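Participant: Shown below is the structure under consideration.
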Amino acid sequence: MKKILLIEDDEITRGIVLSWLKEDFEIKAYSIAEEAIVDMETSDYSLLLVDINLGKGINGVKFLKETGTKFPGKRVPAIAITAYALQDEIRDFFKTGFVEVLVKPFTRNELRRVVAKHIL
C-alpha cells in the first residue's frame, strides 16, 4: 500500500482527508511540520500533502524547502493545501516545488484526482 504523509494543523480538515484516503493508502498525519521532518528520517513516502499555513512552527513552504535540503535523494511529489487562492501565491507554490495546489474547500473527488495523478 502506498504511503502518504499529511501535514495539516486543522483537526477537522485532517480528519476529512484521512477519512477520504484511508481505504486506499497508508497515511501518517502531523499537525506540526517539524515532527513530520523527523518522521521522514526513517520513513519513505509516495506523496506529501502539505498545508501552507500551519499554526505552530514552520509553514508548508519552509517545510518543503527544508526537506529538499535535508533529504536531497528523496524526491517525493508534494501537493499544497491552502486557503490562499491568489494567482501570484499559487504561482509561488509551484516555484517552491509543489506539483499541485488544492484550494480549500475542496471535494473528495478533487483530492482523489490530484493524489492519483501525482502519487509515485
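Values in this text are rule-based calculations from the coordinates and carry no lab data. Note that this is a predicted model, so its numbers are computed, not measured. Neighbour counts run over all protein chains shown; Cβ positions are idealised from the backbone, glycine included.
Participant: Which order results if LYS3, LYS117 are arranged by neighbouring Cβ count within 10 Å, fewest first?
Facilitator: LYS117, LYS3
Participant: Along the charge dipole of the stretch 3-118, which of ALA116, PHE25, THR82 sits closest to the positive end, that is, farthest toward it, with unit charges on the beta carbon of Lys, Arg, Asp and Glu (+1, +1, -1, -1)?
Facilitator: Of ALA116, PHE25, THR82, it is ALA116.
Participant: Over its Cα atoms, what ratio of radius of gyration to 2.2 N^0.38 Å does the stretch 3-118 give?
Facilitator: My calculation over the Cα atoms of the stretch 3-118 gives 0.96.
Participant: Further question on the same structure: Based on the mean of other beta carbon atoms within 10 Å per residue, what is the order of 61-68, 109-116, most packed first?
Facilitator: 61-68, 109-116
Participant: In deg cm²/dmol and to the nearest 500, what is the mean residue ellipticity at 222 nm of the chain if only DSSP H runs of at least 4 residues count, each as -39500 (n - 2.57), divided by the residue total?
Facilitator: -12500 deg cm²/dmol
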